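Report on the following structure.
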Amino acid sequence: MRSLFLWLARNQWLKSRLPRLWFMRRAVRRFMPGETMDDALQAAEPLQAAGIGTLYTRLGENLTTLDEAEEVARHYETLVDRIVDAGLDGEVSVKPTQLGLDLDPERTLSHLQRLAEKAAATGSYLWIDMEGSDYVEATVAIYERLRADHPRTGICLQAYLKRTPSDVERLRPLDPAIRLVKGAYDEPATIAYRDKRQVDASYLSIAVDFLKTGRGRPVRLGLGTHDVALVEQIAEQVSPAGIAKDGFEVEMLYGIRSREQYRLAKAGYRVQTLIAYGEHWYPWYMRRLAERPANVAFAIRSLLP
Ligand code: FDA
């Protein structure tokens with residue numbers, strides 16, 4: 001099932017047709033408040049009232065022209081201003097291929113630098129998402145260069161990749177901010193764990209190790225997962241080292257385990273909700289369906305009046 005949906009996510013023919021279908025548009029609303037920046041900012045209000053911060057990403061990946069990347073960068077600059085104007089505790093998260101990584105990595109870096117400066121000037125942060133394994137080396141390398149001059153930046157790393165512990169070590173001298181996720185793409189067993197238990201074990205060990213070996217300095221780690229049991233296990237394992245529930249962040253996607261997001265915030269965890277929006281939601285939505293077969297049943301129910 002997972003492989004089927006990840007194949008659907010990559011299929012260009014379906015990508016250009018399925019999003020036009022009304023029932024697809026209705027189904028995606030479960031995970032996405034709407035297609036516009038306004039929809040995303042409005043969705044943040046009740047979260048903020050409950051002490052939950054927000055992360056924003058405009059969906060879209062693998063652009064074909066540098067002009068498009070320029071437009072995306074400008075969009076994110078406006079978004080940073082709008083977050084401030086709305087008084088929201090929000091941060092922006094971007095995909096490198098959405099800023100032209102396939103076309104011109106130097107230009108991508110300069111977009112990231114511009115956005116990082118803008119975010120830092122408003123007291124915010126810029127996050128870099130992690131895409132499929134073909135992009136991991138380039139993304140880590142670009143983050144190394146970005147972080148050297150822009151401390152208020154972070155990178156997403158994927159626990160299913162066997163290389164991730166060494167990427168953490170490689171970045172450690174830069175005092176990186178890391179969002180740890182399990183990983184959403186279809187990667188071969190040569191480079192990634194495919195068994196859930198192995199992925200969970202890798203996640204636990206990377207998170208605990210990163211938090212405990214911050215060398216006395218506070219580190220920024222976002223646990224990008226809906227796996228509440230795993231979050232609680234991490235909290236339990238780092239507590240003897242004096243790291244409290246608010247010594248890291250718990251980050252979940254909008255519309256997924258919402259009740260748990262509110263419960264964790266009430267219980268003293270620092271919670272952030274990632275709100276995705278935009279017109280180019282098809283591959284992203286297919287990856288959400290791949291994560292949980294029950295979501296497919298939900299999508300089918302959307303066919304009903
Ligand atoms: P897991 O799949 O084990 O699920 C744990 C439990 O959470 C499930 O039992 C279920 O109850 C619930 N759950 C999980 N997914 C669900 C869904 N789609 N619908 C409903 N319930 C669900 N990936 C990546 O490769 N690059 C990236 O940059 C990011 N960025 C990112 C940011 C943030 C804030 C989050 C939360 C996730 C990502 N991801 C990501 C996605 C990530 O890699 C992973 O695919 C998903 O988070 C699903 O895995 P879980 O960690 O939730 O665990």
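Name the single residue that is nearest to the ligand (Cβ to nearest atom) among those in region 233-271 being of a type in the set (Ser, Thr, Tyr), open to solvent by less than 70 Å² (accessible area, probe 1.4 Å) and outside any loop (DSSP other than H, G, I, E, B).
The residue in question is Ser258.
What tally of residues in region 210-232 results from selecting those that are free of Cβ contacts under 8 Å to residues at least 60 places away in the same chain and either within 12 Å of the ligand (Cβ to nearest atom) or surrounded by fewer than 14 Cβ atoms within 10 Å (Cβ to Cβ) (or both)?
13
Scanning region 142-201 for residues that are among the hydrophobic types (A, V, I, L, M, F, W, C), part of a helix (DSSP H, G or I) and under 24 Å from Leu230 (Cβ atoms), which turns out nearest to the ligand (Cβ to nearest atom)?
The selected residue is Val199.
Could you grab me the full set of residues in region 40-63 that are in contact with a Pro (Cβ under 8 Å, 6 or more places away or on another chain), open to solvent by less than 70 Å² (accessible area, probe 1.4 Å) and at pLDDT 80 or above? Step through it out loud before you land on a result.
Kept after step one, since they are in contact with a Pro (Cβ under 8 Å, 6 or more places away or on another chain), are these residues of region 40-63: 40, 42-43, 61.
Next cut, open to solvent by less than 70 Å² (accessible area, probe 1.4 Å) only: 40, 43, 61.
Scanning region 40-63 gives Ala40, Ala43.
Taking region 136-161 as the region of interest, how many residues are out of contact with any Phe, Trp or Tyr (no Cβ under 7 Å at 6 or more places or on another chain) and open to solvent by 50 Å² or more (accessible area, probe 1.4 Å)?
Residues meeting the conditions: 6.
Is there any pair linking a residue in region 280-295 that is more than 7 Å from the ligand (Cβ to nearest atom) to one that is basic (Lys, Arg) and open to solvent by 10 Å² or more (accessible area, probe 1.4 Å), with Cβ under 8 Å and at least six apart or on different chains, and which?
Tyr282/Lys15; Pro283/Arg10; Pro283/Lys15; Ala290/Arg2
Could you list all residues from region 22-39 that are open to solvent by less than 70 Å² (accessible area, probe 1.4 Å) and more than 27 Å from Glu77 (Cα to Cα)?
Phe23, Met24, Ala27
Just for region 284-294: of the residues that are part of a helix (DSSP H, G or I) and either surrounded by fewer than 19 Cβ atoms within 10 Å (Cβ to Cβ) or over 21 Å from the mean Cα position of the chain (by Cα) (or both), which one is modelled with the highest pLDDT?
Arg287
Residues in region 76-83: is at least one open to solvent by less than 40 Å² (accessible area, probe 1.4 Å), of a type in the set (Phe, Trp, Tyr) and within 15 Å of the chain's Cα centre (by Cα)?
Checked region 76-83: no residue is open to solvent by less than 40 Å² (accessible area, probe 1.4 Å), of a type in the set (Phe, Trp, Tyr) and within 15 Å of the chain's Cα centre (by Cα).
Any residue that is touching a residue at least 40 places away in the same chain (Cβ under 8 Å), in contact with an Asp or Glu (Cβ under 9 Å, 6 or more places away or on another chain) and under 23 Å from Gly278 (Cβ atoms) - is there at least one of those in region 142-153?
Within region 142-153 (the criterion being touching a residue at least 40 places away in the same chain (Cβ under 8 Å), in contact with an Asp or Glu (Cβ under 9 Å, 6 or more places away or on another chain) and under 23 Å from Gly278 (Cβ atoms)), the answer is no, since none of the residues qualifies.
Got at least one residue in region 218-227 being at positive phi and not in a helix (DSSP H, G or I)? I'd like the intermediate steps shown before the answer.
Within region 218-227, the subset at positive phi is none.
Within region 218-227, none of the residues are at positive phi and not in a helix (DSSP H, G or I).
Give the residue that is surrounded by the fewest Cβ atoms within 10 Å (Cβ to Cβ), with candidates limited to residues of region 113-135 that are over 16 Å from the mean Cα position of the chain (by Cα) and among the aliphatic types (A, V, I, L, M).
My answer is Ala121.
Would you mention how many residues in region 169-181 are free of Cβ contacts under 8 Å to residues at least 60 places away in the same chain and either crowded, with 20+ Cβ neighbours inside 10 Å or among the small types (Gly, Ala, Ser) (or both)?
Residues that pass the stated criteria total 4.
Can you give me the ranges of the helices (runs of 4 or more DSSP H) entirely in region 1-106 with at least 3 residues that are in contact (Cβ under 8 Å) with a residue 40 or more places away in the chain and in contact with a helix residue (DSSP H, G or I) (Cβ under 9 Å, 6 or more places away or on another chain)?
So the answer is 2-10, 22-28, 37-49, 66-85.
The values are calculated or read from the model by the stated rules, or taken from the named source; none is laboratory data. Worth saying up front: this structure is predicted, and the values here are computed from it rather than measured. Backbone-built Cβ (ideal geometry, glycine too); neighbour counts: all protein chains shown. To get the accessible areas, we keep the full protein, side chains included, count just its heavy atoms, and leave off ligands, DNA and RNA. Shrake-Rupley method; radii C 1.70, N 1.55, O 1.52, S 1.80 Å.
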